[in-house]
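The values are calculated or read from the model by the stated rules, or taken from the named source; none is laboratory data. What you see is a predicted model; the values in this text were computed from it and never measured. Reconstructed Cβ throughout: ideal geometry from the backbone, glycine too, with neighbour counts over all protein chains shown. What goes into the accessible areas is simple: the full protein's heavy atoms, side chains included, and nothing from ligands, DNA or RNA. Shrake-Rupley method; radii C 1.70, N 1.55, O 1.52, S 1.80 Å.
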There are 2 protein chains.
Amino acid sequence: MRWIRASKDDKTFYGIVEGDRIAEVEGSPFAEYQRTSRMHELKAVKIEVPVIPPTFYCVGFNYTEHIMKVAARTGQPPNLPTQPDVGQRTNNALIAHGEAVVIPHDATDAVQYEGELVAVIGKKAKHLSEADALSCVLGYTIGNDVSERSWQKSDRTLWRAKSPDTWKPMGPWIETDVDLDALETIVRTNGQETTRFRTNAMLFGVAKYISTITRYITLYPGDVIWMGTDGSSPNLKAGDVVDIEITGIGHLVNPFVAEVR
Amino acid sequence: MRWIRASKDDKTFYGIVEGDRIAEVEGSPFAEYQRTSRMHELKAVKIEVPVIPPTFYCVGFNYTEHIMKVAARTGQPPNLPTQPDVGQRTNNALIAHGEAVVIPHDATDAVQYEGELVAVIGKKAKHLSEADALSCVLGYTIGNDVSERSWQKSDRTLWRAKSPDTWKPMGPWIETDVDLDALETIVRTNGQETTRFRTNAMLFGVAKYISTITRYITLYPGDVIWMGTDGSSPNLKAGDVVDIEITGIGHLVNPFVAEVR
């Protein structure tokens, strides 16, 4: 099943995507819902961020090649994690499929994408074993963890390098039927392939992260966990378009534009 | 004005505290509201977390003495920030005044409080000058940034050291009439004073932080910014009670209990 959050005529609703049509529901996949008889053409709605999370979790350093590239870039030894520690991002930065990423006027050239698998929590969860961990997942979507590498190096925290307004595209929808091992992440910049990796070739997978987090933290319906990225990105500039595909889920496409002051 | 969020008879509402009574409102201080004729005794309601923030910001290393204590504890040189970088915490951990902080069974003895001033955002804000920054603040409350010092040292991120369920007491209410320079923070452990500092003796004050954050990030109504702490804390154990007073705002009091497995 493919859950979409969309708007039309000033109304925002959840729906189920069926081919190029949407069956509108009353309620949401995170609570009660009921399918209605209202059908929409997919191309006739505005796609919205699939969920505004109560807490926005994000994993760093979860793929070997990415860690090696970071080490080369910063001149530090590779920081290979020995346990799954999770971080956070901020809701101000969320935008939907199709919306523009705005590059602040004082960013350096080193603005880059990070294509990420996003696990969307569907049920309240605490103390899940690794074997049971995926039972709390509603489905998966795609995230672009846009990053400014000079600020990532200079600042004590990631707030400016990762969380400016519009820097967290997420979508286009939540796919519930996913075979994690079959997924491939493919990023295209202006139509040219610039990154490709096996999505599930993570140091610590989704189940391991959820099992670890829920030892101490209750996950709530709508919480999201961005699972980190592999490979590297070219530097992006205004006018570029980034298309992050995860096979079996879809494409998250966003143009980059310059801040208007 | 003193805003409280409270519940009674399965209903949660905002109200205005007047002495030992509450005037219930329809709506909230973050949107439209209207005072009702319903009055409650303060002692007859359950005090709730004053707001569930869209994003939960938290400042570290914002008082000189605290930075020196951290340096002594970790054996690292003092990390005196040169610019105001902000971090985040997670909503799962929020509890109200009076509720219990639960110590996980595998925490070390080094569970400590951090008494903090909390700025509560009342209006959407972007690109505020330092002179105008406080115009977006609805008021101030109190936070206890409970921390486990061994996990803070061992983990790559602060998720386990700072964000277990129940580890972010916040309240008891939001005070809108505050003279920041007059505030004093006083922490009492089991009735004995264990920390005292001038609340506004920060490296970077509330206005400086808001002005800096809003260069890149839109702040939204209900967002909170925890402003860091000074001094140090004794190690806390089940049975202890921590009372964080900020003069002119109130007392945030929480017992500590052991996890029941």
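Condition check ((1) farther than 29 Å from A:R89 by Cα; (2) charged (D, E, K, R)) across all residues:
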| position | (1), (2) |
| --- | --- |
| B:T214 | no, no |
| B:L219 | no, no |
| B:D230 | no, yes |
| B:G239 | yes, no |
| B:I244 | no, no |
| B:T247 | yes, no |
| B:H251 | yes, no |
| B:P255 | yes, no |
**OP:** Go through region B:107-119 and give me each residue that's touching a Ser or Thr at 6+ places or on another chain (Cβ under 6 Å) and closer than 19 Å to B:L183 by Cβ.
**Re:** B:Y113, B:E114, B:G115, B:E116, B:L117, B:V118
Subject >> Residues within region B:208-252 that are away from every other protein chain (no Cβ under 14 Å), out of contact with any His (no Cβ under 6 Å at 6 or more places or on another chain) and among the aliphatic types (A, V, I, L, M), tallied >> reply: 8
Subject >> Hits in region B:15-60 - residues which are in contact with a helix residue (DSSP H, G or I) (Cβ under 8 Å, 6 or more places away or on another chain) and open to solvent by 70 Å² or more (accessible area, probe 1.4 Å) >> reply: B:D20, B:R21, B:I52
**OP:** Within region B:174-188, identify whether any single residue is open to solvent by 10 Å² or more (accessible area, probe 1.4 Å), over 24 Å from B:I52 (Cα atoms), touching a helix residue (DSSP H, G or I) at 6+ places or on another chain (Cβ under 8 Å) and more than 13 Å from every other protein chain (Cβ to nearest Cβ), and answer yes or no.
**Re:** no
Subject >> Within region A:84-99, considering residues that are within 15 Å of B:T218 (Cβ to Cβ) and more than 9 Å from chain B (Cβ to nearest Cβ), the one most open to solvent (accessible area, probe 1.4 Å) >> reply: A:E99
Subject >> Pairs, first under 23 Å from B:G87 (Cβ atoms) and among the small types (G, A, S) in region A:49-74, second modelled with pLDDT under 95 and open to solvent by 60 Å² or more (accessible area, probe 1.4 Å), C-beta under 8 Å, six or more apart >> reply: A:G60/B:R156
**OP:** Go through region B:140-151 and give me each residue that's away from chain A (no Cβ under 14 Å), out of contact with any Pro (no Cβ under 8 Å at 6 or more places or on another chain) and not in a loop (DSSP other than H, G, I, E, B).
**Re:** B:Y140, B:R149
Subject >> Selection status of A:A23, out of contact with any Phe, Trp or Tyr (no Cβ under 8 Å at 6 or more places or on another chain) and over 18 Å from A:S233 (Cα atoms) >> reply: yes
Original post:
Applying the selection to region B:209-246, what residues are open to solvent by 40 Å² or more (accessible area, probe 1.4 Å), within 19 Å of B:G60 (Cβ to Cβ) and among the aliphatic types (A, V, I, L, M)?
Top reply: none
Original post:
Can you find a residue in region B:70-80 that is assigned by TED's automatic domain parsing to the domain that holds B:F197 and either modelled with pLDDT of 95 or more or of a type in the set (S, T, Y) (or both)?
Top reply: yes
Subject >> Any chance B:I249 is crowded, with 18+ Cβ neighbours inside 10 Å, aliphatic (A, V, I, L, M), assigned by TED's automatic domain parsing to the domain that holds B:L94 and under 13 Å from the mean Cα position of the chain (by Cα) >> reply: yes
**OP:** Would you check which residues across region A:153-165 are open to solvent by less than 40 Å² (accessible area, probe 1.4 Å), of a type outside the set (G, A, S) and under 17 Å from A:S233 (Cβ atoms) and list them?
**Re:** A:K162, A:P164
Original post:
Take the residues of region B:152-165 that are without any contact (Cβ under 8 Å) to a residue 12 or more places away in the chain and facing chain A (nearest Cβ under 9 Å): which is nearest to B:V224 (Cα to Cα)?
Top reply: B:T157
Original post:
Across region A:112-139, which residue is nearest to the other protein chains (Cβ to nearest Cβ) among those that are touching an Asp or Glu at 6+ places or on another chain (Cβ under 6 Å) and within 20 Å of A:A31 (Cβ to Cβ)?
Top reply: A:I121
**OP:** For B:S150, work out the one condition from (1) under 30 Å from A:L80 (Cβ atoms); (2) crowded, with 18+ Cβ neighbours inside 10 Å it doesn't fulfil.
**Re:** (2)
